[in-house]
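Inspection log for the structure reproduced underneath, given as C-alpha cells.
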Amino acid sequence: RRRHWWGHPSRGVRDGVRHVYVRGVENPDLQLIPGTAGTNSMAFAPDGSALAVVGASGKVGIFRFDDAGIRTLSAIGDINGGMSWGSRGIVVQQAGELWLIDPADGASRQLTTLDESRGEAQHALPTWLDDRVLVFTTLTDDAGSERVEAVTLDAAPRRTVIMERARRALWSPT
C-alpha cells in the first residue's frame, strides 16, 4: 500500500535545532523523525515508504516509516545542495558535485564533475525527470550565468545544457 506523507525541516521547534517532522495526509499529527537534528535536505522514496535526509554531519540517512530508527547510508552529502530520490537511487551533493547513492547498500558513484574552466562552483537542486535523466542547477562564480542542465545516468554520464541564465527548473510528468 502506497502511503502519502508531508514533511519539512522545521527550525527552532525543538531546542533551537532544525529537525524533520512528517505527517500522513490522512493524519494531522506531526511525527518527529528521530536522528534528524540539523537536517537541511530531505527526499521521500518514490513509493513513500521512507525518507532520506542529509544531517548536520553530512551523512545520508534513511528513515523507514515501518521501522523505529534512522540508518546511516553514506558518509557523503552536503547539507545545502539538495537531494532527490528516484527509482535509480538517491542523488546528493558532495563537494559541489552530484553523486548517486544506492539506497539498498550505500554504494555511490559520481555523476557530475565541476568544470573550473567554465567557472562552475556547484551542482545543486537535483530533480529526477525519469529513470535515466536528472536535471540540476549549475551555479557559477559569475552571477547571472547560472544554468539548468541535465545528466544521463548511463555508464558514462553525459551533461546537456537545457537553459542558460536559469537557476531552477520544475518538471511536469504529464
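The values are calculated or read from the model by the stated rules, or taken from the named source; none is laboratory data. For clarity, every value in this text was computed on a predicted model and none was experimentally measured. Methodologically, a virtual Cβ is constructed for each residue, glycine included, from the backbone with ideal geometry; neighbour enumeration extends over all protein chains shown. Ligands, DNA and RNA are excluded from the accessible area calculation, which covers all protein heavy atoms including side chains. Shrake-Rupley method; radii C 1.70, N 1.55, O 1.52, S 1.80 Å.
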remark   = Expressed as a percent, the accessible surface of region 16-125 that is carbon or sulfur, using a 1.4 Å probe and the full set of protein chains, is 48 percent
ask   = Expressed as a rounded percentage, what relative contact order does region 71-174 have, with Cα pairs under 8 Å and six or more residues apart?
value = 18 percent
remark   = At q = 0.11, 0.15, 0.19 Å⁻¹, the log10 of I(q)/I(0) for the chain from a Debye sum over equal Cα scatterers comes to -0.47, -0.85, -1.25
message = Below 8 Å between Cα atoms, with a sequence gap of 6+, how large is the relative contact order for the chain in percent?
response = 11 percent
ask   = Given labels modelled 7 Å from the Cα in the Cβ direction, how far is it in nm from residue 143 to residue 23?
value = 3.8 nm
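Sorted by mean Cβ packing within 10 Å, highest first, what order do the peptides 24-30, 132-138 take?
Details: 24-30: 9.9, 132-138: 21.4.
Ranking the peptides 24-30, 132-138 by packing returns 132-138, 24-30.
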Shape of region 52-149, Cα gyration tensor, a/c cut at 1.5 = prolate
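Once you have the Cα-Cα distance between residue 117 and residue 75, take 0.36 nm times their residue separation minus that, and quote the gain in nm to one decimal. Write down the numbers at each step before the final one.
Values: separation 42, 0.36 × 42 = 15.12 nm, distance 2.86 nm.
Extra length from residue 117 to residue 75 when fully extended: 12.3 nm.
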ask   = Given H placed 1.01 Å from N in the peptide plane, which residues other than close sequence neighbours of residue 41 have an amide H under 5 Å from its amide H?
value = 54
request  = Can you quote the Å³ per residue value for the convex hull of the Cα atoms in region 123-174, rounded to an integer?
outcome  = 74 Å³
